[in-house]
Amino acid sequence: MKWMLRIGAGLAGILLLAVVVLFAMGLRADAGRAHASTEIVASRDQVWAWVDDPDKLKQWISWLVEVRTDPAHPTGIGAKRVLVMRDENNGGQLMEIEGTIREYARPQRLSMQLSSGGAFDGDSTYSLADLGNGRTRMEVDSHFHFAMWFARLMEPVITHFARKKMEADIVHLKQLVEK
């Protein structure tokens, strides 16, 4: 009987340690931040079309199945977009992310404020730098804050996988643009 108590206490200790480590990691300075960049052999204008056009977004952002815009105000500061994603980490469930463009400097920078039905809020910024000789550096910088306590606890894991997805999406964009 004593050995069962010791095993139970050991397992509880390991679980508690994991929770404490996740909590501490969630307090780091870059918690909720994902950043990726790449150099693309194409002009800024060519790359911009892939960042600003809803139909092109669906081609390179994995999981993105639909982008709804207001036909009267499809782009520019204040424009609203609804990004519908099939969350492969959640059984393929559809998730709607509401976005409002808060910075629009064609063809250098596009920033969107994002919100997903109380699950998270944050922002994403796409920056394009002309490197000369028909080359462009694209950087994507995103920050997210999670509303649900379990998502906040799991932030280090969620952010890690979001960063990996973002890096894969950028590689896919590079391949499509450079075709």
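Quick notes
- Every residue from the stretch 115-156 that is of a type in the set (S, T, N, Q) and within 26 Å of Arg28 (Cβ to Cβ): Ser115, Ser116, Ser124, Thr125, Ser127, Ser142
- Extreme residue, most open to solvent (accessible area, probe 1.4 Å), among residues of the stretch 28-52 that are of a type in the set (Val, Ile, Thr) and outside any loop (DSSP other than H, G, I, E, B): Thr38
- Residue in the stretch 162-179 that is modelled with the lowest pLDDT, counting only those that are of a type in the set (D, E, K, R) and under 17 Å from Asp45 (Cα atoms): Lys179
- Count of the stretch 131-179 residues which are part of a helix (DSSP H, G or I), in contact (Cβ under 8 Å) with a residue 60 or more places away in the chain and among the polar types (S, T, N, Q): 1
- Ser111 being in contact (Cβ under 8 Å) with a residue 24 or more places away in the chain and under 25 Å from Asp30 (Cα atoms): no
- Candidate set: the stretch 128-157, residues that are among the aliphatic types (A, V, I, L, M) and modelled with pLDDT of 90 or more; chosen: the one most open to solvent (accessible area, probe 1.4 Å): Leu131
The values are calculated or read from the model by the stated rules, or taken from the named source; none is laboratory data. Keep in mind the model is a prediction, meaning the values are calculated, not measured. Positions of Cβ are generated from backbone atoms using ideal geometry, with glycine treated the same way; all protein chains shown enter the neighbour counts. What goes into the accessible areas is simple: the full protein's heavy atoms, side chains included, and nothing from ligands, DNA or RNA. Shrake-Rupley method; radii C 1.70, N 1.55, O 1.52, S 1.80 Å.
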